[in-house]
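Single-structure report; data block below.
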Amino acid sequence: MPDVSFTNLLVVAAVAVLAPLTVGYFPRLRIPAVVLEIVGGIIIGPSVLGWVHVDLPVAILALFGLAFLLFLAGLEIDVHRLRGRLLRYAVLGYLVSLVLGYGAGASFKAAGWVSQPLLLAITLASTALGLIVPVLKDARQLHSEIGQIALAAASIADFSAIVLLSLFFSSSGGSTGSKVVILGAFAGLVAVTGLAVSGAARSMRLGQVLLRLQDTTAEIRVRFAVLLLVAFTALAVRFGLESILGAFLAGAIVGLVDRDSASHPRFRTKLEAIGYGFLVPVFFVSSGVRLDLTGLLHSPSALVRVPVFLLALLVVRGLPALLRLRANGLKPTLALGFLQATSLPFIVAATQIGVMLGKITPVTAAALVCAGLLSVLIFPVLALTLLRHGEPEPEPETAAAEAVPVPEANVM
(Lines give C-alpha, C1' and ligand atoms only; values in the text may rest on other atoms or scores of the structure.)
Protein backbone atom coordinates (compact mmCIF):
# COMPACT_ATOMS: atom_id res chain seq x y z
CA MET A 1 0.00 0.00 0.00
CA PRO A 2 1.33 3.48 -0.83
CA ASP A 3 1.94 5.82 2.06
CA VAL A 4 -1.15 7.99 1.60
CA SER A 5 -2.99 9.94 4.29
CA PHE A 6 -6.77 10.42 4.17
CA THR A 7 -6.87 13.11 6.87
CA ASN A 8 -7.26 15.98 4.39
CA LEU A 9 -9.97 14.06 2.51
CA LEU A 10 -11.79 13.47 5.81
CA VAL A 11 -12.02 17.21 6.50
CA VAL A 12 -13.07 17.89 2.90
CA ALA A 13 -15.79 15.24 3.18
CA ALA A 14 -16.99 16.79 6.43
CA VAL A 15 -17.36 20.20 4.75
CA ALA A 16 -19.21 18.50 1.87
CA VAL A 17 -21.75 17.17 4.39
CA LEU A 18 -22.05 20.35 6.45
CA ALA A 19 -22.70 22.63 3.46
CA PRO A 20 -26.06 21.13 2.34
CA LEU A 21 -27.06 20.55 5.98
CA THR A 22 -26.63 24.27 6.62
CA VAL A 23 -28.79 25.05 3.59
CA GLY A 24 -31.39 22.57 4.89
CA TYR A 25 -31.50 24.13 8.35
CA PHE A 26 -31.75 27.69 6.99
CA PRO A 27 -33.80 27.41 3.77
CA ARG A 28 -34.75 31.08 3.79
CA LEU A 29 -31.16 32.02 3.05
CA ARG A 30 -31.54 30.52 -0.44
CA ILE A 31 -27.78 30.00 -0.70
CA PRO A 32 -26.75 27.20 -3.09
CA ALA A 33 -24.76 24.48 -1.34
CA VAL A 34 -21.95 24.87 -3.88
CA VAL A 35 -21.26 28.37 -2.53
CA LEU A 36 -20.93 27.06 1.02
CA GLU A 37 -18.69 24.24 -0.21
CA ILE A 38 -16.23 26.70 -1.73
CA VAL A 39 -16.45 29.05 1.27
CA GLY A 40 -15.91 26.07 3.57
CA GLY A 41 -12.84 25.12 1.55
CA ILE A 42 -11.50 28.67 1.92
CA ILE A 43 -12.01 28.53 5.70
CA ILE A 44 -10.25 25.19 6.20
CA GLY A 45 -7.55 25.99 3.64
CA PRO A 46 -4.28 27.95 3.92
CA SER A 47 -6.04 31.31 3.52
CA VAL A 48 -7.75 31.04 6.95
CA LEU A 49 -7.32 28.08 9.33
CA GLY A 50 -4.72 26.09 7.42
CA TRP A 51 -6.18 22.73 8.40
CA VAL A 52 -6.15 21.22 4.92
CA HIS A 53 -4.00 21.20 1.82
CA VAL A 54 -4.68 19.48 -1.49
CA ASP A 55 -2.72 16.23 -1.30
CA LEU A 56 -2.81 13.26 -3.70
CA PRO A 57 -6.17 11.69 -2.65
CA VAL A 58 -7.96 15.05 -2.65
CA ALA A 59 -6.36 16.10 -5.97
CA ILE A 60 -7.34 12.87 -7.75
CA LEU A 61 -10.92 12.90 -6.48
CA ALA A 62 -11.23 16.62 -7.28
CA LEU A 63 -10.12 15.90 -10.86
CA PHE A 64 -12.75 13.17 -11.15
CA GLY A 65 -15.24 15.59 -9.58
CA LEU A 66 -14.60 18.20 -12.27
CA ALA A 67 -14.98 15.56 -14.97
CA PHE A 68 -18.23 14.32 -13.46
CA LEU A 69 -19.55 17.87 -13.08
CA LEU A 70 -19.02 18.52 -16.79
CA PHE A 71 -20.45 15.08 -17.61
CA LEU A 72 -23.65 15.91 -15.71
CA ALA A 73 -23.79 19.34 -17.38
CA GLY A 74 -23.61 17.64 -20.79
CA LEU A 75 -26.35 15.27 -19.66
CA GLU A 76 -28.66 18.27 -19.11
CA ILE A 77 -28.47 19.33 -22.77
CA ASP A 78 -31.50 18.46 -24.87
CA VAL A 79 -30.03 18.44 -28.38
CA HIS A 80 -33.45 17.99 -29.97
CA ARG A 81 -34.67 21.35 -28.62
CA LEU A 82 -31.62 23.25 -29.89
CA ARG A 83 -32.91 24.16 -33.31
CA GLY A 84 -34.61 26.89 -35.30
CA ARG A 85 -35.01 30.37 -33.86
CA LEU A 86 -34.16 29.15 -30.37
CA LEU A 87 -30.75 27.96 -31.56
CA ARG A 88 -30.15 31.14 -33.56
CA TYR A 89 -30.85 33.30 -30.52
CA ALA A 90 -28.54 31.21 -28.32
CA VAL A 91 -25.68 31.35 -30.84
CA LEU A 92 -26.13 35.07 -31.56
CA GLY A 93 -26.32 35.85 -27.83
CA TYR A 94 -23.11 33.93 -27.19
CA LEU A 95 -21.29 35.73 -30.02
CA VAL A 96 -22.37 39.07 -28.57
CA SER A 97 -21.11 37.89 -25.17
CA LEU A 98 -17.74 36.99 -26.65
CA VAL A 99 -17.38 40.44 -28.24
CA LEU A 100 -18.36 42.17 -24.99
CA GLY A 101 -16.09 39.83 -23.02
CA TYR A 102 -13.12 40.55 -25.25
CA GLY A 103 -13.72 44.27 -24.83
CA ALA A 104 -13.79 43.80 -21.06
CA GLY A 105 -10.67 41.63 -21.23
CA ALA A 106 -8.81 44.27 -23.25
CA SER A 107 -9.76 46.90 -20.66
CA PHE A 108 -8.56 44.69 -17.82
CA LYS A 109 -5.33 43.99 -19.69
CA ALA A 110 -4.73 47.72 -20.00
CA ALA A 111 -5.24 47.97 -16.23
CA GLY A 112 -2.66 45.22 -15.72
CA TRP A 113 -5.14 42.72 -14.26
CA VAL A 114 -4.87 40.04 -16.98
CA SER A 115 -2.45 39.16 -19.74
CA GLN A 116 -4.86 37.31 -22.05
CA PRO A 117 -8.11 39.14 -22.95
CA LEU A 118 -9.42 36.09 -24.82
CA LEU A 119 -9.15 33.86 -21.75
CA LEU A 120 -11.15 36.37 -19.75
CA ALA A 121 -13.69 36.70 -22.56
CA ILE A 122 -14.24 32.93 -22.64
CA THR A 123 -14.51 32.84 -18.85
CA LEU A 124 -16.98 35.72 -18.59
CA ALA A 125 -19.14 34.40 -21.44
CA SER A 126 -19.87 31.11 -19.66
CA THR A 127 -23.13 30.23 -17.91
CA ALA A 128 -23.81 27.64 -15.20
CA LEU A 129 -26.34 25.28 -16.82
CA GLY A 130 -26.35 23.01 -13.77
CA LEU A 131 -27.14 25.95 -11.46
CA ILE A 132 -29.95 27.62 -13.40
CA VAL A 133 -31.97 24.41 -13.83
CA PRO A 134 -32.92 24.30 -10.09
CA VAL A 135 -33.79 28.00 -10.21
CA LEU A 136 -36.19 27.44 -13.11
CA LYS A 137 -37.67 24.42 -11.37
CA ASP A 138 -38.30 26.45 -8.21
CA ALA A 139 -40.11 29.09 -10.26
CA ARG A 140 -42.06 26.42 -12.21
CA GLN A 141 -40.62 27.90 -15.40
CA LEU A 142 -38.41 25.03 -16.57
CA HIS A 143 -40.72 24.10 -19.47
CA SER A 144 -42.01 27.60 -20.12
CA GLU A 145 -40.88 29.74 -23.02
CA ILE A 146 -38.41 31.76 -20.94
CA GLY A 147 -37.12 28.58 -19.31
CA GLN A 148 -36.39 26.94 -22.65
CA ILE A 149 -34.63 30.07 -23.89
CA ALA A 150 -32.47 30.16 -20.76
CA LEU A 151 -31.60 26.47 -21.10
CA ALA A 152 -30.70 26.85 -24.78
CA ALA A 153 -28.50 29.88 -24.08
CA ALA A 154 -26.76 28.12 -21.19
CA SER A 155 -26.21 24.96 -23.25
CA ILE A 156 -24.57 26.86 -26.10
CA ALA A 157 -22.51 28.95 -23.67
CA ASP A 158 -21.25 25.90 -21.75
CA PHE A 159 -20.37 23.91 -24.86
CA SER A 160 -18.75 26.82 -26.71
CA ALA A 161 -16.72 27.91 -23.68
CA ILE A 162 -15.30 24.41 -23.22
CA VAL A 163 -14.43 24.07 -26.92
CA LEU A 164 -12.76 27.50 -27.04
CA LEU A 165 -10.81 26.83 -23.86
CA SER A 166 -9.54 23.57 -25.36
CA LEU A 167 -8.58 25.29 -28.62
CA PHE A 168 -6.74 28.31 -27.26
CA PHE A 169 -5.66 27.44 -23.74
CA SER A 170 -5.06 23.73 -23.58
CA SER A 171 -2.29 22.77 -21.18
CA SER A 172 -0.81 20.46 -23.83
CA GLY A 173 0.38 23.36 -25.99
CA GLY A 174 0.53 23.37 -29.81
CA SER A 175 -0.64 25.89 -32.40
CA THR A 176 -4.29 26.86 -32.76
CA GLY A 177 -4.36 25.60 -36.36
CA SER A 178 -3.18 22.16 -35.37
CA LYS A 179 -5.70 22.09 -32.54
CA VAL A 180 -8.53 22.87 -34.98
CA VAL A 181 -7.54 19.83 -37.03
CA ILE A 182 -7.23 17.74 -33.88
CA LEU A 183 -10.59 18.99 -32.64
CA GLY A 184 -12.18 18.03 -35.96
CA ALA A 185 -10.70 14.55 -35.73
CA PHE A 186 -11.84 14.23 -32.13
CA ALA A 187 -15.35 15.40 -33.07
CA GLY A 188 -15.45 12.77 -35.82
CA LEU A 189 -14.44 10.07 -33.37
CA VAL A 190 -17.09 11.26 -30.91
CA ALA A 191 -19.73 11.17 -33.67
CA VAL A 192 -18.75 7.63 -34.67
CA THR A 193 -18.82 6.55 -31.03
CA GLY A 194 -22.23 8.17 -30.59
CA LEU A 195 -23.61 6.32 -33.62
CA ALA A 196 -22.14 3.05 -32.35
CA VAL A 197 -23.65 3.56 -28.88
CA SER A 198 -26.99 4.56 -30.41
CA GLY A 199 -26.98 1.45 -32.60
CA ALA A 200 -26.10 -0.77 -29.66
CA ALA A 201 -28.91 0.78 -27.63
CA ARG A 202 -31.42 -0.42 -30.23
CA SER A 203 -30.26 -4.02 -29.92
CA MET A 204 -33.07 -6.14 -28.49
CA ARG A 205 -30.74 -8.72 -26.97
CA LEU A 206 -28.45 -6.13 -25.38
CA GLY A 207 -31.52 -4.28 -24.10
CA GLN A 208 -32.72 -7.41 -22.31
CA VAL A 209 -29.31 -7.94 -20.72
CA LEU A 210 -29.15 -4.30 -19.59
CA LEU A 211 -32.66 -4.54 -18.16
CA ARG A 212 -31.73 -7.66 -16.19
CA LEU A 213 -28.49 -6.18 -14.78
CA GLN A 214 -29.34 -2.50 -14.33
CA ASP A 215 -30.68 -2.71 -10.77
CA THR A 216 -28.40 -5.46 -9.49
CA THR A 217 -24.94 -5.03 -7.99
CA ALA A 218 -23.67 -4.93 -11.58
CA GLU A 219 -25.33 -1.48 -12.13
CA ILE A 220 -24.49 -2.04 -15.76
CA ARG A 221 -25.91 1.20 -17.16
CA VAL A 222 -23.93 3.26 -14.65
CA ARG A 223 -20.79 1.31 -15.53
CA PHE A 224 -21.33 1.97 -19.24
CA ALA A 225 -21.77 5.70 -18.53
CA VAL A 226 -18.60 5.83 -16.44
CA LEU A 227 -16.73 3.90 -19.15
CA LEU A 228 -17.82 6.45 -21.74
CA LEU A 229 -16.83 9.32 -19.43
CA VAL A 230 -13.35 7.93 -18.78
CA ALA A 231 -12.86 6.97 -22.44
CA PHE A 232 -13.77 10.41 -23.80
CA THR A 233 -11.72 12.16 -21.13
CA ALA A 234 -8.69 10.00 -21.90
CA LEU A 235 -9.15 10.52 -25.65
CA ALA A 236 -9.41 14.29 -25.23
CA VAL A 237 -6.12 14.34 -23.31
CA ARG A 238 -4.54 12.02 -25.90
CA PHE A 239 -5.64 14.40 -28.68
CA GLY A 240 -4.06 17.32 -26.80
CA LEU A 241 -7.39 18.86 -25.76
CA GLU A 242 -8.73 19.70 -22.31
CA SER A 243 -10.13 16.72 -20.42
CA ILE A 244 -13.28 18.69 -19.56
CA LEU A 245 -14.25 18.69 -23.25
CA GLY A 246 -14.26 14.89 -23.31
CA ALA A 247 -16.27 14.72 -20.09
CA PHE A 248 -18.85 17.21 -21.37
CA LEU A 249 -19.28 15.41 -24.68
CA ALA A 250 -19.62 12.05 -22.90
CA GLY A 251 -22.56 13.46 -20.96
CA ALA A 252 -24.10 14.91 -24.11
CA ILE A 253 -23.82 11.53 -25.87
CA VAL A 254 -25.45 9.71 -22.96
CA GLY A 255 -28.22 12.30 -22.87
CA LEU A 256 -28.75 12.01 -26.63
CA VAL A 257 -28.93 8.21 -26.63
CA ASP A 258 -30.87 7.86 -23.38
CA ARG A 259 -34.04 9.74 -24.40
CA ASP A 260 -36.55 7.11 -23.29
CA SER A 261 -36.01 6.27 -19.62
CA ALA A 262 -39.25 4.35 -19.09
CA SER A 263 -37.41 1.04 -18.57
CA HIS A 264 -34.71 2.57 -16.31
CA PRO A 265 -36.18 5.57 -14.46
CA ARG A 266 -33.47 5.59 -11.75
CA PHE A 267 -30.48 5.66 -14.11
CA ARG A 268 -29.86 9.41 -14.07
CA THR A 269 -30.58 9.59 -10.36
CA LYS A 270 -27.79 7.08 -9.78
CA LEU A 271 -25.36 9.12 -11.88
CA GLU A 272 -26.29 12.28 -10.00
CA ALA A 273 -25.80 10.43 -6.71
CA ILE A 274 -22.24 9.53 -7.69
CA GLY A 275 -21.49 13.05 -8.91
CA TYR A 276 -23.33 15.37 -6.55
CA GLY A 277 -23.17 12.99 -3.60
CA PHE A 278 -19.45 12.25 -3.72
CA LEU A 279 -17.13 13.56 -6.44
CA VAL A 280 -18.42 17.05 -7.31
CA PRO A 281 -18.38 18.36 -3.70
CA VAL A 282 -14.72 17.31 -3.39
CA PHE A 283 -13.94 19.43 -6.45
CA PHE A 284 -15.69 22.52 -5.07
CA VAL A 285 -14.30 22.22 -1.54
CA SER A 286 -10.78 21.65 -2.85
CA SER A 287 -11.22 24.66 -5.17
CA GLY A 288 -11.87 26.75 -2.07
CA VAL A 289 -8.79 25.28 -0.41
CA ARG A 290 -6.70 26.22 -3.45
CA LEU A 291 -7.95 29.82 -3.53
CA ASP A 292 -5.24 32.24 -2.48
CA LEU A 293 -7.12 35.06 -0.77
CA THR A 294 -4.07 36.49 0.99
CA GLY A 295 -3.14 38.90 -1.79
CA LEU A 296 -6.79 39.71 -2.45
CA LEU A 297 -7.62 40.63 1.15
CA HIS A 298 -4.39 42.50 1.87
CA SER A 299 -4.67 44.85 -1.10
CA PRO A 300 -7.65 47.22 -1.54
CA SER A 301 -6.77 47.65 -5.22
CA ALA A 302 -6.95 43.86 -5.67
CA LEU A 303 -10.17 43.55 -3.68
CA VAL A 304 -11.92 46.07 -5.92
CA ARG A 305 -11.58 43.58 -8.78
CA VAL A 306 -14.36 41.44 -7.30
CA PRO A 307 -17.26 43.89 -7.86
CA VAL A 308 -15.77 44.94 -11.19
CA PHE A 309 -15.67 41.32 -12.40
CA LEU A 310 -19.21 40.81 -11.08
CA LEU A 311 -20.41 43.79 -13.11
CA ALA A 312 -18.51 42.44 -16.12
CA LEU A 313 -20.35 39.10 -15.77
CA LEU A 314 -23.68 40.90 -15.74
CA VAL A 315 -22.83 43.03 -18.77
CA VAL A 316 -21.21 40.28 -20.85
CA ARG A 317 -23.92 37.64 -20.33
CA GLY A 318 -26.85 39.81 -19.28
CA LEU A 319 -26.94 42.35 -22.10
CA PRO A 320 -27.49 39.76 -24.89
CA ALA A 321 -30.83 38.95 -23.23
CA LEU A 322 -32.06 42.29 -24.58
CA LEU A 323 -32.24 40.60 -27.97
CA ARG A 324 -35.44 39.03 -26.61
CA LEU A 325 -36.91 42.22 -25.11
CA ARG A 326 -39.68 42.74 -27.67
CA ALA A 327 -40.70 39.08 -27.68
CA ASN A 328 -40.58 38.43 -23.91
CA GLY A 329 -41.32 41.73 -22.21
CA LEU A 330 -39.27 43.57 -19.61
CA LYS A 331 -39.44 41.36 -16.50
CA PRO A 332 -38.84 37.99 -18.25
CA THR A 333 -35.97 39.58 -20.21
CA LEU A 334 -34.36 40.90 -17.03
CA ALA A 335 -34.80 37.47 -15.42
CA LEU A 336 -33.18 35.85 -18.47
CA GLY A 337 -30.25 38.27 -18.22
CA PHE A 338 -29.68 37.44 -14.55
CA LEU A 339 -29.86 33.70 -15.25
CA GLN A 340 -27.39 33.94 -18.11
CA ALA A 341 -25.01 35.96 -15.92
CA THR A 342 -24.97 33.25 -13.23
CA SER A 343 -21.68 31.39 -13.52
CA LEU A 344 -19.31 29.54 -11.22
CA PRO A 345 -18.21 25.98 -12.14
CA PHE A 346 -16.59 26.99 -15.44
CA ILE A 347 -15.00 30.05 -13.82
CA VAL A 348 -13.38 27.78 -11.23
CA ALA A 349 -12.11 25.38 -13.90
CA ALA A 350 -10.92 28.10 -16.30
CA THR A 351 -9.07 30.07 -13.63
CA GLN A 352 -7.27 26.95 -12.44
CA ILE A 353 -6.11 26.30 -16.01
CA GLY A 354 -5.17 29.98 -16.44
CA VAL A 355 -3.07 29.99 -13.26
CA MET A 356 -1.39 26.72 -14.25
CA LEU A 357 -0.47 28.16 -17.68
CA GLY A 358 0.64 31.47 -16.16
CA LYS A 359 -2.00 33.44 -18.09
CA ILE A 360 -3.60 34.97 -14.98
CA THR A 361 -2.28 35.59 -11.47
CA PRO A 362 -3.64 33.77 -8.39
CA VAL A 363 -5.03 37.10 -7.14
CA THR A 364 -7.02 37.66 -10.35
CA ALA A 365 -8.20 34.05 -10.26
CA ALA A 366 -9.40 34.49 -6.67
CA ALA A 367 -11.23 37.70 -7.62
CA LEU A 368 -12.95 35.97 -10.55
CA VAL A 369 -14.07 33.05 -8.39
CA CYS A 370 -15.37 35.43 -5.72
CA ALA A 371 -17.30 37.29 -8.42
CA GLY A 372 -18.74 33.96 -9.55
CA LEU A 373 -19.73 33.17 -5.97
CA LEU A 374 -21.55 36.50 -5.71
CA SER A 375 -23.28 35.90 -9.05
CA VAL A 376 -24.66 32.61 -7.73
CA LEU A 377 -25.78 34.31 -4.51
CA ILE A 378 -27.40 37.38 -6.08
CA PHE A 379 -28.52 36.82 -9.67
CA PRO A 380 -30.73 33.70 -9.25
CA VAL A 381 -32.60 35.37 -6.36
CA LEU A 382 -33.31 38.41 -8.54
CA ALA A 383 -34.38 36.16 -11.42
CA LEU A 384 -36.71 34.17 -9.14
CA THR A 385 -38.28 37.39 -7.86
CA LEU A 386 -38.99 38.53 -11.41
CA LEU A 387 -40.23 35.14 -12.60
CA ARG A 388 -42.65 34.76 -9.70
CA HIS A 389 -44.50 37.80 -10.93
CA GLY A 390 -45.10 36.06 -14.25
CA GLU A 391 -47.40 33.16 -15.01
CA PRO A 392 -46.05 29.78 -13.88
CA GLU A 393 -45.74 27.01 -16.42
CA PRO A 394 -48.78 24.73 -16.77
CA GLU A 395 -48.93 21.36 -15.14
CA PRO A 396 -47.18 18.57 -17.12
CA GLU A 397 -50.46 17.07 -18.34
CA THR A 398 -51.73 20.45 -19.55
CA ALA A 399 -48.39 21.33 -21.06
CA ALA A 400 -48.29 18.08 -22.99
CA ALA A 401 -51.78 18.67 -24.33
CA GLU A 402 -51.03 22.26 -25.33
CA ALA A 403 -47.66 21.40 -26.86
CA VAL A 404 -49.20 19.49 -29.77
CA PRO A 405 -50.82 22.36 -31.70
CA VAL A 406 -48.18 24.97 -30.78
CA PRO A 407 -45.15 24.68 -33.07
CA GLU A 408 -41.63 25.95 -32.56
CA ALA A 409 -42.55 29.37 -33.92
CA ASN A 410 -43.89 30.19 -30.46
CA VAL A 411 -40.32 30.07 -29.10
CA MET A 412 -39.69 33.55 -30.45
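The values are calculated or read from the model by the stated rules, or taken from the named source; none is laboratory data. The structure displayed is predicted, hence computed values, not measured ones. In this analysis, Cβ positions are derived from the backbone assuming ideal geometry, glycine residues included, and neighbour counts consider all displayed protein chains. For accessibility, only protein heavy atoms count, side chains too; no ligands or nucleic acids. Shrake-Rupley method; radii C 1.70, N 1.55, O 1.52, S 1.80 Å.
Looking across the range 92-117, the residues that are aliphatic (A, V, I, L, M) and either closer than 25 Å to Ala365 by Cβ or open to solvent by 60 Å² or more (accessible area, probe 1.4 Å) (or both) come down to Leu92, Leu95, Leu98, Val99, Leu100, Ala104, Ala106, Ala110, Ala111, Val114. Taking the conditions (1) over 18 Å from Ala349 (Cα atoms); (2) more than 23 Å from the chain's Cα centre (by Cα) in turn, Ala273 satisfies each one other than (2).
Each residue in the range 330-352 was checked for being closer than 12 Å to Ser287 by Cα and aliphatic (A, V, I, L, M), and 5 pass. From the list Leu61, Leu72, Leu56, exactly one residue is more than 21 Å from Ala321 (Cβ to Cβ), open to solvent by less than 20 Å² (accessible area, probe 1.4 Å) and among the aliphatic types (A, V, I, L, M). Which is it? Testing whether each residue is more than 21 Å from Ala321 (Cβ to Cβ), open to solvent by less than 20 Å² (accessible area, probe 1.4 Å) and among the aliphatic types (A, V, I, L, M) leaves just Leu72. Any residue that is part of a helix (DSSP H, G or I), open to solvent by 20 Å² or more (accessible area, probe 1.4 Å) and either under 16 Å from Phe338 (Cα atoms) or among the basic types (Lys, Arg) (or both) - is there at least one of those in the range 159-167? Within the range 159-167, not a single residue is part of a helix (DSSP H, G or I), open to solvent by 20 Å² or more (accessible area, probe 1.4 Å) and either under 16 Å from Phe338 (Cα atoms) or among the basic types (Lys, Arg) (or both). For Ala262, state whether it is over 23 Å from Pro345 (Cβ atoms), out of contact with any helix residue (DSSP H, G or I) (no Cβ under 8 Å at 6 or more places or on another chain) and open to solvent by less than 70 Å² (accessible area, probe 1.4 Å). No, not satisfied.
Does the range 336-343 contain at least one residue that is open to solvent by less than 60 Å² (accessible area, probe 1.4 Å), farther than 30 Å from Ala62 by Cβ and at pLDDT 85 or above? Yes: one or more hits.
Hey, could you check the range 192-237 for residues that are outside any helix (DSSP H, G or I) and either at pLDDT below 85 or of a type in the set (A, V, I, L, M, F, W, C) (or both) and say which is most open to solvent (accessible area, probe 1.4 Å)? Among residues in the range 192-237 that are outside any helix (DSSP H, G or I) and either at pLDDT below 85 or of a type in the set (A, V, I, L, M, F, W, C) (or both), the one most open to solvent (accessible area, probe 1.4 Å) is Arg202.
May I ask you to verify whether Val15 is open to solvent by less than 30 Å² (accessible area, probe 1.4 Å) and either of a type in the set (S, T, N, Q) or modelled with pLDDT of 90 or more (or both)? The answer is yes for Val15.
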